[in-house]
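Presented below is the structure to which this report refers.
Read-outs: derived from the displayed coordinates by stated rules, not from any lab. Small disclaimer: the values here were computed from a predicted structure and weren't measured. Using ideal geometry, Cβ is built from the backbone for each residue, glycine included, and neighbour counts are taken over all protein chains shown.
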Amino acid sequence: MNDCIFCKIIKGEIPSAKMYEDERMIIIKDIEPKAARHFLMIPKRHYKLLSEMTEQDAADLAVCLKKIPQLTELLGLEGGYRLVINQGDDAGQTVFHLHVHILTGQKMDFPHL
Ligand code: 5GP
Ligand code: ZN
């Protein structure tokens, strides 16, 4: 996936503020934070949408999600956090490599979901 910005970040071809990395994913700071602290959890395997996931992708994402609470201190999640996965144009997805937004560090003063 030569033209995918997140694949380039994973490969280290584009710099990022990396908070965590393991064999399945990286967690970086979002370059344009929309909350007091805003991270992106990016699975290393490239797929655009949940609809493109293989069973293995789904199992990997579940392991990645389970990891988040274990990173509470590192990411400053003590007060709570919100996870967002945008899917498609109406949701405002701009990068078509599946990723999970981790929003934290403040009361979520935008509409409660
Ligand atoms: P989406 O809109 O696709 O759900 O989220 C894409 C996110 O990636 C946006 O919040 C945007 O700020 C972030 N982003 C786009 N390009 C870069 C980049 O080069 N580095 C980092 N760290 N974040 C990026
Ligand atoms: Zn990619």
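Could you list, in sequence order, all residues of the range 49-76 that are of a type outside the set (Asp, Glu) and either in contact with a His (Cβ under 7 Å, 6 or more places away or on another chain) or within 19 Å of residue 106 (Cβ to Cβ) (or both)? First the steps, then the outcome.
The initial filter retains those residues of the range 49-76 that are of a type outside the set (Asp, Glu), namely 49-51, 53-54, 56, 58-59, 61-72, 74-76.
Within the range 49-76, 68, 69, 71, 72, 74, 75, 76 qualify.
Suppose we filter the range 59-113 for residues that are closer than 15 Å to residue 38 by Cβ, surrounded by 11 or more Cβ atoms within 10 Å (Cβ to Cβ), free of Cβ contacts under 8 Å to residues at least 24 places away in the same chain and of a type in the set (Val, Ile, Thr); how many remain?
Residues that pass the stated criteria total 1.
If the Cβ limit is 6 Å and pairs must be 6+ apart or interchain, which residue in the range 1-27 that is more than 11 Å from ligand 2 (Cβ to nearest atom) pairs with which residue that is of a type in the set (Phe, Trp, Tyr)?
27/20; 27/39
Within the range 60-70, can one find any residue that is closer than 23 Å to residue 7 by Cα and among the acidic types (Asp, Glu)? Explain how you work it out, then say what you get.
Going through the range 60-70, the residues closer than 23 Å to residue 7 by Cα turn out to be 60-68.
If we keep only those that are among the acidic types (Asp, Glu) as well, we get 60.
Yes: the range 60-70 contains one or more residues that are closer than 23 Å to residue 7 by Cα and among the acidic types (Asp, Glu).
Quick check on this structure: which one of 48, 18, 8 is charged (D, E, K, R), under 23 Å from residue 73 (Cα atoms) and within 11 Å of ligand 1 (Cβ to nearest atom)? It would help to see each step written out before you state the result.
Numbers: 48 fails: under 23 Å from residue 73 (Cα atoms); 8 fails: under 23 Å from residue 73 (Cα atoms).
Within the list 48, 18, 8, the selection yields 18.
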